[in-house]
Amino acid sequence: MKFLSDRALERLRDAAELPDLSGTRYRLLERVARGGMGVVYAAEDENLQRRVALKVLDVPGSDGELASRLVLEARVLARLEHPGIVPVHDVGTLGDGRVFYTMKFVEGQRLDRYIGTLESVPDRLRIFLRICDAVGFAHARGVLHRDLKPANIMVGPFGEVLVMDWGLAKILRGKAAADSNPGDPDATIFKKDNLHPGHDGDTEISVITGHGTVLGTPGYMSPEQARGDVEHLDARSDIFSLGALLRFLLSNDPGKAHAGKKYRLEKSLEAICSKATATALENRYPTVQEMALDVSRYLDGLAVGAHRESFLEKTARFYRRYRFFILLIAAYLVMRVLILLFLHR
Amino acid sequence: MSQEDLPSAGDRFPPTRRSVIEAVRSIDAEERELALAALCAAYWKPIYKYIRLRWKRPAEEAQDLTQGFFLELLERELLEKFEPAKSRLRTYLRVCVDSMVMNAEKAAKRQKRGGNLPHVALDFAGAEEELGGAVMDPAAIASPDSLEQFFEKEWVRSLFALAVEDLRELCAARERERTFLLFEAYDLEGNEKVSYDQLAKDYGIPITDVTNALAWARREFRKIALERLRELCGSEEEFQREARAAFGWDSK
């Protein structure tokens with residue numbers, strides 16, 4: 001048996017890793033990132049002469065589950081047409097048997113790296129609102145992300161925000177879908193009447209993960225997800241992750257994404273984070289839109305639903321909101337007093 | 001054991017998806033023997049080198065211990081006790097080796113009793129040559145962590161070497177010897193100066209043939225290596241973890 005040198009080992013590893021793009025219209029450029037179940041490469045679409053991101057499975061599962069997950073991820077993305085969600089171009093199987101899909105090549109920075117360039121809280125909150133917009137859209141289409149974290153958010157050169165890596169997405173469907181033609185992928189996967197909590201009659205399907213499978217990222221994963229309680233996941237699980245994400249955005253420290261860590265945060269914002277990351281599902285925001293509304297209200301200087309203000313806090317907020325007019329009136333009054341004093345001398 | 005005892009494509013552990021861990025527990029004696037032979041073929045060299053370096057045993061004693069280890073696997077039914085959910089097979093075997101060497105006296109007695117080792121050629125002279133070569137520096141692998149890395153690397157080397165042999169046999173069976181020669185020249189020799197263009201000139205074939213041949217050989221190599229690895233893992237989860245470790249996907 002031939003002895004393999006260290007150099008030969010490295011070459012064999014590379015040979016085994018690089019996707020076999022022969023017979024496709026793609027040309028491999030470079031390795032970009034690695035995710036939970038696959039690797040993302042930059043490739044050139046030779047027909048359209050444009051750069052694309054090509055995601056390919058690294059290790060094939062014996063039962064084809066991973067391949068199914070990747071295909072499903074591509075299909076989920078393909079149907080979520082939204083400026084905040086990366087568009088998919090193509091899905092297929094390579095000559096080496098590995099499943100792949102291509103998507104828009106996003107040039108930008110991961111949120112955890114980009115955040116350092118944002119100084120003000122309002123700027124960070126505006127980024128957060130764009131994330132909420134994309135996630136809320138996905139929820140409306142019956143898709144839970146289940147792995148929202150700074151590393152899965154990209155910010156483009158023009159400030160565009162993209163929610164990436166839908167590999168752990170869970171697809172929900174409503175009663176209507178169960179009655180429809182099972183051969184229709186739209187009907188079987190994407191019809192979802194209402195994924196908001198408390199809606200009776202919803203059935204959930206997930207071909208991605210089964211009950212008891214824990215997938216996600218600690219710190220951003222909801223307690224029910226951490227328990228592997230897949231059957232009871234709904235929009236509020238993503239809301240938990242959004243709460244942790246908001247905390248991260250405001251503290252600019254991944255270690256502070258968890259509640260209970262000591263750092264200064266305005267009470268209203270702290271209340272929003274706490275409500276979103278409440279341990280009990282029923283104590284969280286029921287929808288992403290409601291959470292986003294609270295954040296928008298904070299940005300507009302209005303009271304947020306998550307926090308009951310004291311008289312002093314109300315006054316302080318009123319002052320902050322109308323500071324210009326209050327100062328103007330105060331200046332006018334001071335001027336009047338000074339003029340009166342001058343005239344009575 | 002002689003070179004003739006080397007497992008060939010014919011007597012290889014059947015290319016099923018069944019793991020050797022399950023197969024060694026089989027009631028079918030032939031299946032058990034083939035499974036153990038597959039395990040032995042993949043692990044004997046890393047284990048031998050590990051005993052030489054970790055336990056600093058002389059070559060002859062390390063040879064006895066290596067053979068003794070596989071006998072112990074059989075006699076003490078150590079694989080029966082392996083729980084895929086708790087650890088990796090590779091780590092379990094290494095811990096068993098450590099335990100066995102610590103009780104070397106008992107192992108020596110067992111060795112004297114003799115036993116039925118699986119029919120796998122143990123080319124100790126070749127392994128010794130590799131140890132003595134420039135491929136590794138024993139001084140650089142003193143800590144437990146580096147020993148673990150060393151064992152893992154040797155295990156990957158052994159796995160890939162077996163896969164390369166399988167590929168050679170596959171090429172021969174399909175009358176694609178030239179494909180293997182190209183693969184050998186480009187991917188195994190590790191010569192930076194060899195280019196597709198050079199290979200095309202050397203073999204008098206179009207460069208596209210070189211590209212296609214190498215793409216085919218790599219594809220088959222990957223498939224074979226993963227099949228071999230799957231056989232050597234106790235569970236799907238372990239296979240996923242080990243594949244990422246073996247192919248260096250975790251570290252990239």
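FYI, it's all coordinate maths here, none of it is from the lab. Just so you know, these numbers come straight off a predicted model, no measurement behind them. Positions of Cβ are generated from backbone atoms using ideal geometry, with glycine treated the same way; all protein chains shown enter the neighbour counts.
Among B:I205, A:I85, rank each residue by its count of other Cβ atoms within 10 Å, from fewest to most, as a rough exposure measure. Mind dumping the intermediate values first?
On the way: B:I205 15, A:I85 25.
The order, fewest Cβ neighbours first, is B:I205, A:I85.
In plain terms, the chain from A:Q49 to A:L327 could stretch by 94.2 nm, reckoned as 0.36 nm per residue minus the Cα-Cα distance.
Just want the ordering: A:H139, A:H89, A:H344, A:H232, from fewest to most Cβ atoms lying within 10 Å of their own Cβ.
Working: A:H139 22, A:H89 17, A:H344 6, A:H232 14.
In increasing order of surrounding Cβ atoms, one gets A:H344, A:H232, A:H89, A:H139.
FRET efficiency for the pair A:L28 and A:R308, taken as 1/(1 + (r/R0)^6) with r the Cβ-Cβ distance and R0 = 56 Å, rounds to 0.45. Look at the alpha carbon pairs under 8 Å that are at least 6 residues apart: their mean separation over the length of the range A:12-156 gives a relative contact order of 19 percent.
Inter-chain neighbour count for A:13-21: the average number of beta-carbon atoms from partner chains within 10 Å of each residue's beta-carbon is 6. Each Lys or Arg adds one and each Asp or Glu subtracts one; over the other residues with Cβ under 14 Å from the Cβ of B:L214, this totals -4.
Work through the residues other than A:R317 whose Cβ is under 12 Å from its Cβ and net out their charges, Lys, Arg +1 and Asp, Glu -1. Write down the numbers at each step before the final one.
Details: positive: A:K267, A:R297, A:K314, A:R320, A:R321, A:R323; negative: A:E266, A:D300, A:E309, A:E313.
So the environment of A:R317 carries a net charge of +2.
Rounded, prolate or oblate: which fits the range A:14-104, taking a ≥ b ≥ c as square roots of the Cα gyration tensor eigenvalues, rounded meaning a/c under 1.5, else prolate when a/b beats b/c? Mind dumping the intermediate values first?
Numbers: a/c = 1.63, a/b = 1.07, b/c = 1.53.
It is oblate, given that a/c is not under 1.5 and a/b is not larger than b/c.
Distance between the modelled labels on A:A42 and A:E10, one decimal in nanometres: 2.2 nm (7 Å Cα→Cβ projection). For A:V295, B:V194, the sequence from fewest to most other C-beta atoms within 10 Å is B:V194, A:V295.
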